[in-house]
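The values are calculated or read from the model by the stated rules, or taken from the named source; none is laboratory data. Since the model is a prediction, treat every value here as computed from it, not as a measurement. Please note: Cβ atoms are built from the backbone with ideal geometry, for glycine as well, and neighbour counts cover all protein chains shown.
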Amino acid sequence: MDRLTITPSLSLDPAELTISFIRASGPGGQNVNKVSSAAQLRFNLDASPSLPEPLKARARRLAGSRLTTEGEIVITADRYRTQGLNRDDAVARLLELLREAAIPPKPRRKTRPTLASKTRRLESKSKRGGVKKLRSVKPGLD
């Protein structure tokens, strides 16, 4: 199998992936009880020599509950009824996660509120205060 392309400059060695097959839930009748068609992909993110450290950090955050305490990403694919399609689906989902992690976040530029926005905010506050003041007027004695 060729290297798996994440970005034009970044690829992953398929030897870093461990794929095992487990029994799937869902459609398939009695076949579900006999055939292990769901694919479980394991990728050791922490030990991968193919990925730079900043990408690993972003991938850790994106993986969420799919990341184990040992630093492995576990993806279970049981969408299809065959092992081959489920294996391809699991690999595609891992690559999609790594492609998303390969995009560095745009740095936030500090901005200050404009004078017009400050004025609008203060006007709406005073208008709201006026409405509340009208509601709390005590009835006069006649």
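Details
- Pairs where the first residue, in the range 33-55, is free of Cβ contacts under 8 Å to residues at least 60 places away in the same chain and on the phi < 0 side of the Ramachandran plot and the second is loosely packed, with under 14 Cβ neighbours inside 10 Å and of a type in the set (A, V, I, L, M, F, W, C), C-beta under 6 Å, 6+ apart: Ser36/Ile22; Ala38/Ile22; Gln40/Ile22
- Exclusive hit being surrounded by 16 or more Cβ atoms within 10 Å (Cβ to Cβ), under 14 Å from Ile6 (Cα atoms) and not acidic (Asp, Glu), set Arg99, Arg87, Arg93, Arg81: Arg93
- Among helices (runs of 4 or more DSSP H) entirely within the range 28-142, having at least 1 residues that are at pLDDT below 85 and under 33 Å from the mean Cα position of the chain (by Cα) singles out 31-34, 53-63, 83-102.
- Hey, Thr18 among the polar types (S, T, N, Q), part of a strand (DSSP E or B) and either touching a Pro at 6+ places or on another chain (Cβ under 8 Å) or modelled with pLDDT under 80 (or both) or not: no
- Leu122 among the hydrophobic types (A, V, I, L, M, F, W, C), without any contact (Cβ under 8 Å) to a residue 40 or more places away in the chain, surrounded by 10 or more Cβ atoms within 10 Å (Cβ to Cβ) and more than 30 Å from Ser11 (Cβ to Cβ): yes
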